[in-house]
Amino acid sequence: MSKITRRDFVNGSATLIATSVLSSAQTPAFGSEEKPTYPPSLTGLRGSHPGANTYAHRRAWNADFDAGAIHDTGEDYDLVVVGAGLSGLAAAYSYRRQFGPRAKILILDNHDDFGGHAKRNEHLINGKKIISYGGSQTLVEPRLAAPAIRTLFEDVGVDLCRFDTAFDKGFYKKHGLGATTYFNAEHFGQDRVVQHPFCNYYNYIVGLQGAAISNEEAVAQTPLGERGQAQLLKVLQGGLHSLNVPPETRSDYIKSHNYFDYLTGTLGVDDPQVLRMARNSAIDWSSASAELLTIEQAMKSGALGFAPVTSYNDEQPYVHHFPDGNAGVARALVKYLIPDIAEGNTAESLVTAHFDYRELDQADRPTRVRLNSTVVDVHHNGDVDSADTVSIRYVRDGTAHEVTAAHVVMACYNMMIPHIVADLPERQATALGQQLKSPLVYTTLGLKNWKAFKEAGIGLAMSPGNMHQTLFMDFPVSLGGYRYTSAPDQPCIIQMISCPYSEEWGKPRNEQYREARYQMLGRQFADYESEVRQHLSGMLPPKYFDFDRDVASITVNRWAHGYTVAGPGSSVRLGRVPHGRITIANSDSAPAADAIAAMEMGLRAVEELSA
Ligand SMILES: Cc1cc2nc3c(=O)[nH]c(=O)nc-3n(C[C@H](O)[C@H](O)[C@H](O)COP(=O)(O)OP(=O)(O)OC[C@H]3O[C@@H](n4cnc5c(N)ncnc54)[C@H](O)[C@@H]3O)c2cc1C
């Protein structure tokens, strides 16, 4: 791995991508006079965009961080929410519902857009606006959600039944698009696409076709050597029956034994390319590099060598997807909180609505959302048990500001809270500090047409040799006047996912995350662009694809702190205990990398305020 220093990291995350042809036109420089007025349409480095984490990192890394002279805004609120993700927005919704529309609420977030991980990406391709998502993707089993969440959906106008028809389940079959594997020349000696995914990762995409050819045919088509091919076939034909353990102890065995030990010990795999395929086969389903998984975790994550099982059944299909992913829910919540922000009465009608970001923070409105504002200090004014108010300091445009509130919900990353709320009991601070998040990159690619995908039969490709370990055609959802592409000569979005690990196999998970984060944030846009260029150019037939001709735009959504990964033992429960006038939300406090859980935590945090 190339050495990346902390200095590079800070600079990297704040540096603009001046060299990029595709991004420079649309992304204003951080700190420049030119302010983005409509963040979803920005391309280039998004997700945690350049500058978003500067003050949070300064706060976390320097015990004696000084935000400078504090500007007292004189603003006083009933509730301040730290974090405008789904959890924070749900908390504000719940407070407003409980205390009425005149309750004074301020929501602060360090990003230039609301929604947190629920991020909307727009691409303008040949004059047509194509909508996609840069993070939180789909509502998981929302019809099984708690009554309070179903009420929230009703209140903000999310009609779950609409997804039954909005998601075109026959799209992939109709166009002959299946799950495939792309072997790149860099790691496998030659560029080759095989019509077989060699794992179960693809299975959550409703209607996506699986392997088009048999295991034997597929293995023979791989660019692996003879030995590698034989081992790959053995893995595909393997499974739990190959374990030499009595059936009654098998369940305990797979919970406690390592997946890679099973591959190497039980199945005798030593071919580095087969192990590379295994390592990259579970991607974000496991939130860890596969060599760290138990056999059971690997099986549940759809890793190489386990028979495909349908991930979601017909009653709870994985179709509750807005064209902008869960940003559709975030927008509906913001519309509930600030009705003048956009035209439309249902979440569906908001899909194509323009949001006027100037409406977010107006002095004459009871609810305000203040973006680009990193909270660096929250403290009770007096003794925790008897104080009447809490002061909240945040940095915006380089200046520290202060507001006061009767209550605060911390809906931000839980591991950050001890750095902000200094008077937490030590045990609670330690517990919060143990809540982890895995790094992830979701790149959306605006393509002028998808003729090459159609021609190659690629609905999804596993790419074990690439930084983006998988890519797929965006979900076929048409909703609220928005129409998904219906023919290969039309523009579309390709989603590319990278779940970065350490170069060094077997390192503990935390260390792999740290190393991957440094790499992710140290890379410039041009580095990502170069990977996307090589990836697609190597994979797609040159007759139908030319990168410079066919790619309109690229948005790289970097999430240095992505999926919630629960800390040890009872640390989650200990960490989320109310602290005086401050309560704790975010998906970390559930713990679950899940939109519904995140919103539930927002509702719980408000209940605790009024308890
Ligand atoms: C790439 C990706 C894909 C995902 N896909 C799915 C999916 O398909 N389905 C699903 O259910 N879940 C998915 N998730 C999980 C996702 O975390 C949840 O769905 C949900 O969006 C989490 O919401 P949240 O409010 O808890 O956290 P976040 O969305 O992280 O919101 C917290 C906000 O607080 C802000 N913040 C942090 N510190 C400060 C500070 N000091 N001052 C001000 N603001 C601060 C953060 O920047 C962020 O904007 C995905 C997550 C990622 C990263």
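What to note about this one:
- Antiparallel bridges, percent of DSSP beta bridges restricted to the chain (to nearest 5): 65 percent
- For the chain, with +1 on Lys and Arg beta carbons and -1 on Asp and Glu, the positive-most of Ile338, Ala278, Ala327 along the dipole: Ala278
- Mean sequence separation of contacting Cα pairs (under 8 Å, at least six apart), scaled by the length of the stretch 416-476, corresponds to a relative contact order of 18 percent.
- The modelled label-to-label distance for the pair Asp364/Glu455, using points 7 Å beyond Cα in the direction of Cβ, is 5.8 nm.
- Toward the positive end of the charge dipole of the chain, with +1 on the Cβ of Lys and Arg and -1 on the Cβ of Asp and Glu, the farthest Cα among Tyr528, Phe153, Ser571 is that of Tyr528.
- Computed [θ] at 222 nm, deg cm²/dmol, the chain (DSSP H ≥ 4; -39,500 (n - 2.57); rounded to nearest 500): -8000 deg cm²/dmol
- Here the extension length gained between Glu141 and Asp155 equals 3.2 nm, from 0.36 nm per residue of separation less the Cα-Cα distance.
- A crude spin-label estimate for the pair Asn381 and Thr264, with each label 7 Å from Cα along the Cβ direction, gives 6.1 nm.
- 28 Å Cα-Cα threshold exceeded, pairs from Lys335/Lys448; Lys234/Lys300; Lys129/Lys335; Lys173/Lys255; Lys169/Lys300; Lys169/Lys454: Lys335/Lys448; Lys173/Lys255
- The ranking of Cys499, Cys199 from fewest to most other beta carbons within 10 Å of each one's beta carbon is Cys499, Cys199.
- In this structure, the amide hydrogen of Ile125, modeled 1.01 Å from its nitrogen in the peptide plane, lies closer than 5 angstrom to those of Ile130, counting only residues at least 5 positions away or on a different chain.
- Between Asn313 and Asn510, the contour length at 0.36 nm per residue exceeds the Cα-Cα span by 67.6 nm.
- Sorting Glu359, Glu226, Glu216 from the fewest to the most surrounding beta carbons within 10 angstrom yields Glu226, Glu216, Glu359.
- Take every pair of alpha-carbon atoms less than 8 Å apart whose residues are at least six positions apart; their mean separation over the length of the stretch 214-307 yields a relative contact order of 33 percent.
- Sorted fewest first by neighbouring Cβ atoms within 10 angstrom, Ser287, Ser136 come out as Ser287, Ser136.
- Percentage relative contact order, the chain, counting C-alpha pairs under 8 Å, at least six apart: 24 percent
- Averaging over all projection directions, the Cα-based convex hull of the stretch 214-307 occupies 5.7 nm² in the image plane.
- Computed from the C-beta positions of Ala611 and His241 and an R0 of 60 Å, the FRET efficiency is 0.70 to the nearest 0.05.
- Computed about its Cα centre, the charge dipole of the chain is approximately 720 debye, with only Lys, Arg, Asp and Glu carrying charge at their Cβ.
- Rg and Dmax, both from the Cα atoms of the chain and both in Å, are 24.0, 73.
- Placed amide H near Ala118: partners under 5 Å, 5+ positions off or other chain: Leu86, Ser136
Read-outs throughout are calculated quantities, based only on the coordinates presented, and are distinct from any laboratory measurement. These numbers were taken from a predicted model, which means no experiment stands behind them. Virtual Cβ from ideal backbone geometry, glycine too; neighbours counted across all protein chains shown.
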